[in-house]
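Quick notes on the structure that follows.
The values are calculated or read from the model by the stated rules, or taken from the named source; none is laboratory data. The model shown is predicted, which means the values in this text are computed figures rather than measured ones. Counting neighbours? That spans all protein chains shown, and the Cβs are built from the backbone with ideal geometry, glycine included. Please note that ligands, DNA and RNA were not included when accessible areas were found on the heavy atoms of the full protein model with its side chains. Shrake-Rupley method; radii C 1.70, N 1.55, O 1.52, S 1.80 Å.
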Amino acid sequence: MPGALTAQPEARPALARALTAAPALTAPAAAAPERDLTEAVADALDADGVAVHRPALGTLVATVPADAGARQEARAAVDAVDDEAVRLRSAVKAHDGFFTTFFISPYSRYIARWCARRGLTPNQVTTASLLTALIAAGCAATGERGGYLAAGVLLLVSFVLDCTDGQLARYALKYSTMGAWLDATFDRAKEYAFYAGLALGAARNGDDVWTLALAAMVLMTCRHVVDFAFNESNVDDAATPGSTAKTSLALSSRLDGVGWTVWARRMIILPIGERWAMIAVLTAATSPRIVFWALIVGCAFAACYTTAGRLLRSVKRRAPRSDRAARALADLADSGPLALLAGRITRRLPAPAPVAALLGAALMLTVAVTAPVGGWATVAAAGGYALLAGRAVARPLKGALDWLVPPLFRAAEYGTVLVLAARSDVPQAVPAAFGLVAAVAYHHYDTVYRIRGGTGAPPAWLVRITGGHEGRTLLVTVLAALLVDRGDDFTLALTALAGALALVVLVESIRFWVSSGAPAVHDEGETA
């Protein structure tokens, strides 16, 4: 937009050069009547390879007046702006899902203003949203129709508060690192706690749906890793020749020109608003089993839709990934000591990274599904998986399809835990596996938020002590081989492992976000 321009701190040297080179600085205003200073600076930055963000001004005014008359017109335009109306509009995200845009934001912005006028903070609203969701999970755990109805209503209330906290932060300009981290973390805690509540409620009525609950969590987390990995692999593409970013943006712009496609494309990926609305309505009206099947089918379709489009764009890619993107993908891979050692051994093998990762995941899951539970064949498959995983990360992940490596690792690890627990026929093994996957998933989400906040991955010692994805997978297969025949001992081992991992990753995560002052970023990865 003319008159509005923002640049990140790392762009300051280029900005200084652009200001020096900008024609508007060296030529009289009459010599370039149709160009203002910001346009000239933006063009100079573009020429220097710096991505320029031109924020949408809406009713705001941003201009560089050239004379007294222009200054008077600019002042009159500024005075005509309704500041309160702008604050309310700005409190709402510019690009959000259909349900959030039309069923939540029209009134949640006023709740945010009400909170601001009474001195409430975004963190307090975030905490209220968490508590409301936990109460909803407790209601679902009763297994009674009245409890399910209350759970559905309270889950929607929790989502309204979840939208309100961000709107309050934007309305009152009260941003904080702690607030961003809480918002990001609590979203996962609320959703997975509600899954557990539904599974407990179903069990009270004699319907064991823990496997479905765990499958829904695994699918959701793997889908998010696809989103995160693809986005991070293309983070530097705006100014990269041969990248698909500009082509994708142009296609999106053409599709957005047809009004209904905007909302159709935002709804079809089942973002958090649509997902929580579906869960709430189905919880109140049907049964937990139906809720989980709807989640699994809907999220599987959304994952196939988004992944297919990204694959088609990636195969046309000509330019290699940047060093920054390769580092982010390596951090998202969460490779432990076994994979790093295997990488040195298998470095000369010709298999490309995504092929090695796919073969490893297929080997691991196939053996877990077909081999006798508790047999050592699964342990051997885990060893082969570690070797192939090491080959996948032996070289920088700069290939067109290398963003597939982290989600393939997530599918292999989470899927192995799910399959072994479900096939073990050990009482309470699947709920214990649910806790284990939740703890590991938290570690992976925390890694994503650190990377997107520009602070890098968790420390190397944390990855080593938690074993990496291949180490944890191998450990679970060994526990199954040793303890499945001993019944409750397998459940106890999975529970202990989940508790130990949760303690380590939570303590380190809390220490980091509280003390680092890092610019935490909340992005579920579901681009609406």
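For segment 329-340, give me each residue that is part of a helix (DSSP H, G or I) and open to solvent by less than 10 Å² (accessible area, probe 1.4 Å).
L329, A333, A339 - these are the residues of segment 329-340 that are part of a helix (DSSP H, G or I) and open to solvent by less than 10 Å² (accessible area, probe 1.4 Å).
Every residue in segment 112-133 that is within 24 Å of T185 (Cα to Cα), among the hydrophobic types (A, V, I, L, M, F, W, C) and surrounded by fewer than 18 Cβ atoms within 10 Å (Cβ to Cβ), please.
L131
Using the structure shown, decide if R321 is open to solvent by less than 70 Å² (accessible area, probe 1.4 Å) and at pLDDT below 95.
Details: open to solvent by less than 70 Å² (accessible area, probe 1.4 Å): yes; at pLDDT below 95: yes.
Here the answer is yes, as R321 does meet what is asked.
So, in segment 369-384, of the ones that are in a helix (DSSP H, G or I) and without any contact (Cβ under 8 Å) to a residue 60 or more places away in the chain, which residue ends up least open to solvent (accessible area, probe 1.4 Å)? Please lay out each step first, then the result.
Initial filter on segment 369-384 (in a helix (DSSP H, G or I)): 369-370, 376-384.
Still in the list and also without any contact (Cβ under 8 Å) to a residue 60 or more places away in the chain: 369-370, 377, 380, 384.
Values: V369: 80, T370: 99, A377: 56, A380: 70, G384: 19 Å².
Ranking the qualifying residues of segment 369-384, first place goes to G384.
Looking for whichever is closer than 22 Å to V218 by Cβ, in contact with a Gly (Cβ under 8 Å, 6 or more places away or on another chain) and buried (at least 21 other Cβ atoms within 10 Å of the Cβ) here; the options are V405, V440, V426. Which one fits?
Working: V405 fails: in contact with a Gly (Cβ under 8 Å, 6 or more places away or on another chain); V440 fails: in contact with a Gly (Cβ under 8 Å, 6 or more places away or on another chain).
So the residue among V405, V440, V426 that is closer than 22 Å to V218 by Cβ, in contact with a Gly (Cβ under 8 Å, 6 or more places away or on another chain) and buried (at least 21 other Cβ atoms within 10 Å of the Cβ) is V426.
Being among the polar types (S, T, N, Q), over 26 Å from L358 (Cβ atoms), in contact with a Gly (Cβ under 8 Å, 6 or more places away or on another chain) and open to solvent by 60 Å² or more (accessible area, probe 1.4 Å), is that true of even one residue in segment 493-502?
Yes, there is a match, as at least one residue in segment 493-502 is among the polar types (S, T, N, Q), over 26 Å from L358 (Cβ atoms), in contact with a Gly (Cβ under 8 Å, 6 or more places away or on another chain) and open to solvent by 60 Å² or more (accessible area, probe 1.4 Å).
Say whether the condition of being farther than 16 Å from R275 by Cβ and among the aromatic types (F, W, Y) is met by at least one residue in segment 154-165.
Looking through segment 154-165, none of the residues is farther than 16 Å from R275 by Cβ and among the aromatic types (F, W, Y).
Quick check on segment 167-179: of everything there that is open to solvent by 20 Å² or more (accessible area, probe 1.4 Å) and not in a loop (DSSP other than H, G, I, E, B), which residue is farthest from Y195 (Cα to Cα)?
The qualifying residue farthest from Y195 (Cα to Cα) is A172.
Give the residue, chosen from A91, A77, that is farther than 18 Å from E39 by Cβ, open to solvent by less than 60 Å² (accessible area, probe 1.4 Å) and under 28 Å from the mean Cα position of the chain (by Cα).
Matching residue, one of A91, A77: A91.
Test G453 against the criterion of being in contact (Cβ under 8 Å) with a residue 12 or more places away in the chain, of a type in the set (G, A, S) and under 25 Å from A392 (Cα atoms), and give yes or no.
no
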